[in-house]
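Inspection log for the structure reproduced underneath, given as structure tokens.
The values are calculated or read from the model by the stated rules, or taken from the named source; none is laboratory data. Since the model is a prediction, treat every value here as computed from it, not as a measurement. Ligands, DNA and RNA are stripped out before the accessible areas are found, and what is left, the full protein with its side chains, is counted by its heavy atoms. Shrake-Rupley method; radii C 1.70, N 1.55, O 1.52, S 1.80 Å.
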Amino acid sequence: MSGISQDWEPVVIRKKAPTSAARKDEKAVNAARRSGAEIETVKKSNAGSNRAASSSTSLNTRKLDEDTENLSHEKVPTELKKAIMQARQDKKLTQSQLAQLINEKPQIIQEYESGKAIPNQQIISKLERALGAKLRGKK
């Protein structure tokens with residue numbers, strides 16, 4: 001016989017080790033338990049509690065309680081409201097027609113004329129162009 005011999009050792013093909021996400025999967029943990037593999041469990045110190053969020057809240061709450069400043073949005077001044085209404089009526093336009101001219105929603109014109117809107121210089125300049133009137137201060 002020549003020097004060739006058969007190797008009868010079994011060949012074991014293994015899958016890659018599971019990723020960290022797969023290791024945490026409940027199915028993988030149960031499978032590992034069944035096969036007798038080692039399973040390490042670690043309890044996280046703040047698990048299930050919202051301690052980190054609640055500790056800083058008391059500081060913020062105290063600051064808010066001590067703060068007496070009255071904060072509110074800037075509103076449309078009365079002169080501007082009246083100027084918009086007057087210019088629109090002089091041109092014989094409805095609020096929705098004016099809104100269509102400046103490519104805005106009719107609700108925005110209503111808010112400006114009622115004084116509820118937060119002034120936006122771009123919208124005011126569109127209104128000035130559409131109405132052909134100076135709405136802002138004397139420049």
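Counting only residues that are charged (D, E, K, R) and outside any loop (DSSP other than H, G, I, E, B), which one in the range 82-139 is farthest from LEU71 (Cα to Cα)?
Filtering the range 82-139 for residues that are charged (D, E, K, R) and outside any loop (DSSP other than H, G, I, E, B), the one farthest from LEU71 (Cα to Cα) comes out as ASP90.
Within the range 120-139, how many residues are open to solvent by less than 30 Å² (accessible area, probe 1.4 Å) and within 29 Å of the chain's Cα centre (by Cα)?
Number of matching residues: 2.
Quick check, is ALA117 over 32 Å from the mean Cα position of the chain (by Cα) and open to solvent by less than 60 Å² (accessible area, probe 1.4 Å)?
Answer is no for this residue.
Restricting the range 72-81 to residues that are outside any helix (DSSP H, G or I) and open to solvent by 100 Å² or more (accessible area, probe 1.4 Å), which is farthest from GLU111 (Cα to Cα)?
Per the criteria, the residue is SER72.
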